[in-house]
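In what follows, a single structure is set out as structure tokens and then discussed.
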Amino acid sequence: MIHLLLVDDQIIIRQGIKSLLESKPDFQIVGEAENGEKAIIQVETLKPDVVLMDIRMPVMDGVAATQAICQRFPDVKVLVLTTFDDDEYVSQAMQFGARGYLLKDTPIEPLANAIRSVYQGYTQLGPGLFEKVLPLVPNTTIPQIPTPLPGFTELTPREKEVLRLIAVGASNREIAESLYITERTVKNHVTNILSRLNLRDRTQAAIFANSFLSLLHPSQDS
């Protein structure tokens, strides 16, 4: 069971996220907070596994709260909920120890998978944030693993691009629209990726891909 703390100054957003996540049998919402200051108190009291952290909040914002939580409670993972307007905050939060970033309108399945990945210690970036975050963050914060799993070098440039999009939570339909191919073609690429990398499912593929973000950057395929 993954214990979650929801932090957002808007109660309607907390309620919406809570109702979605409570439908998952492996999640338990242990608490809520409307600002970073109360989030720190809740973390100390409730000991959640993952904190879903808003960025812009009164009293104390999500960046400052992330810094405090990651320093005082290193076993607690912080997953930041952001918008495209929060670029200037993303780099700071990552440097302070946040494990991932998602848009607030992320569908339930990618959100759930992101939480599970972060809980296991991996980094998770939502669609559109991959390209935005990498230029802002020092190379030392991105896992640099010299030797990928057997089969990675056998992936075609298109398969690497599909894998990169799986890593940021894109569905088959979203991948198809992004790459201007059919969903059937996407499914074929996913099947090939899982076979080449000897992975069981998309979740394992996303976890693997997030371990090799630098290898999956689009420039590698150019």
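Applying 0.36 nm per residue to the separation of ARG158 and ILE108 and subtracting their alpha-carbon distance, the gain on full extension is 15.4 nm.
Using the Karplus relation 6.51 cos²θ - 1.76 cosθ + 1.60 with θ = phi - 60°, the per-residue 3J(HN,Hα) values for region 37-44 come to 4, 5, 4, 4, 4, 5, 4, 5 Hz, with x marking Gly and Pro.
For ASP201 and SER19, the FRET efficiency from 1/(1 + (r/R0)^6), where r spans their Cβ atoms and R0 equals 30 Å, is about 0.70.
Solvent exposure of region 1-93, expressed per residue, is 46 Å² of accessible area, with all protein chains present and a 1.4 angstrom probe. Per-residue surface analysis assigns TYR119 an accessible area of about 90 Å², computed on protein heavy atoms at 1.4 Å probe radius. Expressed as a whole percent, the accessible area of region 167-212 that falls on carbon and sulfur atoms is 45 (1.4 Å probe). Shown for region 1-112: the carbon plus sulfur share of the solvent-accessible area, taken with all protein chains present and a 1.4 angstrom probe, equals 51%.
The values are calculated or read from the model by the stated rules, or taken from the named source; none is laboratory data. Please read all numbers here as calculations on a predicted model, not as lab measurements. Note that we place each Cβ from the backbone using ideal geometry, even for glycine, and neighbour counts take in every protein chain shown. Side chains are part of the model used for accessible areas, which takes the heavy atoms of the whole protein and leaves out ligands, DNA and RNA. Shrake-Rupley method; radii C 1.70, N 1.55, O 1.52, S 1.80 Å.
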